[in-house]
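Novice: Sharing a structure with you now.
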Amino acid sequence: MATILNKTNQFPENMKCAHELIIKAKNGEKGNSKGDTYALPAFNVTTYQGIEAAIEAFETLGSSGLIAFSNSACKHFGKGDALEGLEYIHEHVKFRASKSSVPIATHLDHGDNIGEHGRKVIRKAIETLTSVMADNSTDHANKCATSLDVNIEATKEVVDLAHPKGISVEGELGVLAGEEDEDTKSEISTYTDPEELKRFLHETGVLMLAPTIGTMHGPNKGKPGHKVKLNLELAHDCLEIANSINPDIIFVAHGASTLYQNVVDHALTSMKGLGINEKEIETWKNFVGTDWEQIKGLIQNGFCKINTDTENRQTYLSALLGAVNSNASKVDIRYYEKITYKALVDSYIQKLIMAGNYGVWHEPKIDVKNFKFDLTL
Ligand code: G3H
Ligand code: 13P
Ligand code: ZN
């Protein structure tokens, strides 16, 4: 028997389980009204500045807030110790959320219950965050897919620990190509098998699942000049299966970063101004994001959590290059911090608007229709 998610658990003030916020998006709920399905971007953050920028963006739009922390992000917060990092994150977000105008969920991205380190981190995350990913579809040490049996057993163990505490669990089926974590890269990639999906959902009891449908992590998701195509037919089949088992099941799209042309253009101009070598410039020119039309197709098929990291890293770096290019003798950390912070807030706002995640908890504080994301402004 699968362990059901305890929905009566009390989190710190203004903090919610990720599933509670994402299911509202699947059902199109905003305030007391019901409309179209929308999605929660799960923003991967790695610094306190990132946390603050994401929460400012959520508050600006009245959005449901979801911030994600990879294992390496936790290590970064803990100066090499992911467990300590989770404690810092917990204390910091708890305090910040208590002052927030919108609810915030915190999620461990690409946790696993296979290796010794992964097992420790995921258990600590169950104590410190409001949601965890148990990505047991890949054996990262041996660079191969795990068997379905191993994946189910390892994921169910996490569900049994997390669900009674009200912590949602995200599983993964199939293997995603690209860089999942600073420490783990995968060259292999497989699509989700619908029969395996049925068994996985029934036996683990997860309410959040990342089935592989062709997305990829990182800044090079396809050939430059070509649009990335996803398997939307498979996404649709997966949704029908999931809904027949439990309509509360939500899908997660990893590798959902698009690419903002204004961010690329700003970086290229700044790099040229700074005399940065051609090789770095070529790297920027070759970046390819996932096509937004394809992501919209996923959202319509129940992918209401869209994981977004790379595009915001690009925004940060582009803004920093621009700041240095225009004022390289400003000896003041605050000057560069203000510029990168504003760029991150705007990058987050842009994706929240695209995903339809605004006006959920209160009216947006800006005119959403006329918002312009432009690093040169
Ligand atoms: O999908 C994973 C994220 O992009 C995490 O990257 O480990 O470098 O923080 P990171
Ligand atoms: P991107 O590399 O497309 O930002 O994907 C991030 C991700 O899937 C985090 O889990
Ligand atoms: Zn991912």
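Novice: Would you mind calculating the gained length between N142 and K229 on full extension (0.36 nm times residue separation, minus the Cα-Cα distance), in nm to one decimal?
Specialist: Between N142 and K229, full extension yields 28.4 nm more.
Novice: Then there is this: Classify region 268-377 as rounded, prolate or oblate from the Cα gyration tensor: take a ≥ b ≥ c as the square roots of its eigenvalues, call it rounded if a/c is under 1.5, otherwise prolate when a/b beats b/c and oblate if not.
Specialist: oblate
Novice: Now, a different point. Take every Cα-Cα distance within region 116-271, group them into 5 Å bins from 0 onward, and report for each bin the whole-number percent of pairs it holds.
Specialist: 2, 8, 17, 19, 19, 15, 9, 6, 3, 2, 0
Novice: E127: net charge of surrounding residues, Cβ under 10 Å, Lys/Arg +1, Asp/Glu -1, itself excluded?
Specialist: Details: positive: R123, K124, K165; negative: E87.
Once positives and negatives cancel, what remains is +2.
Novice: Sticking with this structure for a sec: Return the long-range amide H neighbours of E29 (sequence gap of 5 or more, or a different chain), with a cut-off of under 5 Å between placed amide H atoms.
Specialist: G35
Novice: Classify region 186-240 as rounded, prolate or oblate from the Cα gyration tensor: take a ≥ b ≥ c as the square roots of its eigenvalues, call it rounded if a/c is under 1.5, otherwise prolate when a/b beats b/c and oblate if not.
Specialist: Prolate is the answer for region 186-240, as a/c is 1.5 or above and a/b outweighs b/c.
Novice: Next up: For region 285-354, what's the relative contact order in percent, using C-alpha pairs closer than 8 Å and at least 6 residues apart?
Specialist: That works out to 34 percent.
Novice: Another question, then. Starting from 0 in steps of 5 Å, tell me what percent of the Cα-Cα pairs of region 78-179 lands in each bin.
Specialist: Calculated over all Cα pairs of region 78-179, the distribution is 2, 13, 22, 22, 18, 13, 6, 3, 1 percent.
Novice: Next question. Using only the alpha carbons, work out the radius of gyration and Dmax of region 17-88 in angstrom.
Specialist: Here Rg and the maximum Cα pair distance are 14.5, 45 Å.
Novice: For Cα pairs less than 8 Å apart in space and 6+ apart in sequence, what is the mean separation divided by the residue count of region 42-169, i.e. the relative contact order in percent?
Specialist: Rounded, it is 19 percent for region 42-169.
Novice: Express the accessible area of region 246-377 per residue in Å², computed with a 1.4 Å probe while the remaining protein chains stay in the model.
Specialist: About 47 Å² of surface per residue is accessible.
Novice: Whole number please: convex hull volume per residue of the Cα set in the chain, in Å³?
Specialist: Hull volume over Cα atoms, normalised by residue count, gives 136 Å³.
Novice: Using only alpha carbon pairs under 8 Å that are at least six residues apart, calculate the relative contact order of the chain and give it in whole percent.
Specialist: Answer for the chain is 22 percent.
The values are calculated or read from the model by the stated rules, or taken from the named source; none is laboratory data. Just so it is clear, the model here is predicted, and its values are computed rather than measured. FYI the Cβ positions are ideal-geometry reconstructions off the backbone, even for glycines, and counts take in every protein chain you see. Heads up: the accessible areas ignore ligands, DNA and RNA and are worked out on the full protein's heavy atoms, side chains in. Shrake-Rupley method; radii C 1.70, N 1.55, O 1.52, S 1.80 Å.
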